[in-house]
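Any read-out appearing in this document is the output of simple, stated calculations on the displayed coordinates, not a laboratory observation. Remember, it's a predicted structure, so these values are computed and weren't measured experimentally. Positions of Cβ are backbone-derived with ideal geometry, glycine not excepted, and every protein chain shown enters the neighbour counts.
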Amino acid sequence: MTRPGPAIGALVGFLLTTALAALSFLAMATLGAAFPPFALFDALARVLPGSVVTFGIDTLVDLVLLANLGPVADAAKAAEQTLAVLVFLILGAAAGAAAFAYVRRDPGGPVRPLALGGAALGVGALLLALAVGGPQVRLLPSAAWLIASFAAWGAMLGWCNERLARPPARRGAPTEDEGGGADPHRVQVPSVERLDRRRFLIRLGGATAAVTVAGAGVGAWLRQTDEEPAPAAEATAQPWSQQNPLPNADAEVRPAPGTRPELTPVDQHYRIDINTIAPRVDGDDWRLRVGGLVDAPLELSLDELRAYPPVHQFVTLSCISNRLGGDLIDTTRWTGVSLQRLLPDLGIRDEATHLRISSVDGFFEVLALDTARIDPRVMLAYAWDGLPLSQDHGYPLRVYVPDLYGMKQPKWIDRIEAIDGWEEGFWVERGWDAEARVRSTSVIDTVATDALTSDGSGSPRVPIGGIAHAGARGISRVEVSVDEGPWQEARLRRPLSGLTWVVWRFDWAFQEGRHTFTVRCVDGNGEPQIEARNPVRPSGATGLLREEVTL
Ligand SMILES: Nc1nc2c(c(=O)[nH]1)N[C@H]1C(S)=C(S)[C@@H](COP(=O)(O)O)O[C@H]1N2
Ligand SMILES: [Mo]
């Protein structure tokens, strides 16, 4: 009997793994089981060196920008998910090859050992999911699904191996003359066996394709119908901004037509985190656990946190990976409890100097207690634009620390530990700036040639505008240079708060032809924006943006 080799094993492994991935997707949508491709990918993102992960993300973003795939954060997440499934399929093919090579030398049947091997891989996948997803992994459905489905995958692999090894059925029993009494397999015509194999593989391909399409289709449909199970009471609530005028609604300087919205709709806020899909936390069971150097460990529920006087702040959040003029920066209204107000109730001991704040996804950052004691704007936020944080943006609780990039602001937090020294946070351990103070940046959003204005003196003016941002330092000045000429001051719109970007506007006397516009800003402390070009890693991008326009 000739058993198929590793090449056929790779093909069978690949086909069976596509079906496994699709059915696992369905199991995630119906049972809430962990999805192994994402668990594996997210585990890789946590254990690989920071430089490798950063290179991977950078390459993804390059591709997204090159292919012009829309908002960077959304496209990069989709690319990440696709990549995760591809990696899973490739590993499935490799496992198939290894399995076929292994049972080739095994005199017993292949089904049992491969089913057992599959089950072992299922246990491995479960451990990865738990390591990555922590408390929010639904243990029972995940364990049941992963072990059973991987075992079935292994058994199928074994069955296919058996089926591919079986000689073609012969008509009637061999006669003495036919076989000459020798090994009956000698009578096989190799090409017949090959034909039979090919027929089987084609049928297997068809069957796995059907399962894949059906599983993925139903799974996607189910996930769409049960999007974001928002806490019931708020399901019908309106965003704050739809019921209230912005605090600067009457500001004298109007944004130039084409300037981005000053307040970002929450569903359009960029999302960046280390998860292929956002953790889903049950707000009713959730508790913020406070421990470490405290008089007594304690747990706070969401209602207990909401009982403190709420603080509302308009905040611009930026990712340290935001490239010059990039879209990983947005503004909304944050609501929560000031950490300064909360601290006295936590019983923090005198020897504590820092808080280690960790999240359900294994992300964490370290905050100096002094910062929280001095600055009432440091907050634990539970709402954005008047609604509970969405799943993507950290439900039920996240941290805000003024003037720092997003990498210092954990979402989905569930634990605060008082410690007696500074430690590196998640991205700091991976080679990013320890302080991560937001660098000043200014961006041209629009040269509004279709909205010429006139100042009465004759020559029409082109409204040019955009945003400038310098963390919590504010913006004191924005200047525009046309065709490398002298710097001219733009007008600043009164910002939503001292923590947000500032909308600027420059009405330029129209001249036909090709022109370049360059913008720069000065922060609220009088520090000019750094003009030298620096990449995002390790401390955030710097440099001036130049727009070329033909009028
Ligand atoms: N738990 C957790 N919090 C996190 C992250 C993460 O990966 N996990 N990423 C951080 C980074 S790098 C950024 S830029 C911000 C983005 O917040 P947003 O997705 O709400 O815009 O979340 C921060 N908080
Ligand atoms: Mo970030």
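Considering segment 347-368, and only residues there that are surrounded by fewer than 18 Cβ atoms within 10 Å (Cβ to Cβ) and of a type in the set (A, V, I, L, M, F, W, C), the residue that is farthest from residue 398 (Cα to Cα) turns out to be 352.
Count of segment 384-399 residues, restricted to those that are of a type in the set (A, V, I, L, M, F, W, C) and surrounded by fewer than 21 Cβ atoms within 10 Å (Cβ to Cβ), is 1. All of 347, 362, 421, 394 fail the test of being touching a residue at least 40 places away in the same chain (Cβ under 8 Å) and either under 30 Å from residue 236 (Cβ atoms) or within 14 Å of ligand 1 (Cβ to nearest atom) (or both), apart from 362.
Just a yes or no: is a residue in segment 465-482 of a type in the set (S, T, N, Q) and under 23 Å from residue 409 (Cα atoms)?
Scanning segment 465-482, I find no residue that is of a type in the set (S, T, N, Q) and under 23 Å from residue 409 (Cα atoms), so the answer is no.
Taken together, the residues in segment 232-276 that are within 17 Å of residue 331 (Cβ to Cβ), assigned to a loop (DSSP other than H, G, I, E, B), within 14 Å of ligand 1 (Cβ to nearest atom) and hydrophobic (A, V, I, L, M, F, W, C) amount to 1. Number of residues in segment 369-383 that are surrounded by 21 or more Cβ atoms within 10 Å (Cβ to Cβ) and in a helix (DSSP H, G or I) equals 1. Among the residues of segment 265-276, those that are under 23 Å from residue 444 (Cα atoms) and away from ligand 2 (no atom under 16 Å from the Cβ) comprise 265, 266, 268.
For segment 313-344: of the residues being more than 12 Å from ligand 1 (Cβ to nearest atom) and among the small types (Gly, Ala, Ser), which is surrounded by the most Cβ atoms within 10 Å (Cβ to Cβ)? Here the residue is 336.
Let's see how each residue does on (1) outside any loop (DSSP other than H, G, I, E, B); (2) aromatic (Phe, Trp, Tyr):
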position: 476; (1), (2): yes, no
position: 498; (1), (2): no, no
position: 506; (1), (2): yes, yes
position: 512; (1), (2): no, no
position: 537; (1), (2): no, no
position: 547; (1), (2): yes, no
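If the condition is being surrounded by 17 or more Cβ atoms within 10 Å (Cβ to Cβ) and either within 16 Å of ligand 2 (Cβ to nearest atom) or assigned to a helix (DSSP H, G or I) (or both), then segment 277-312 contributes 278, 302, 305.
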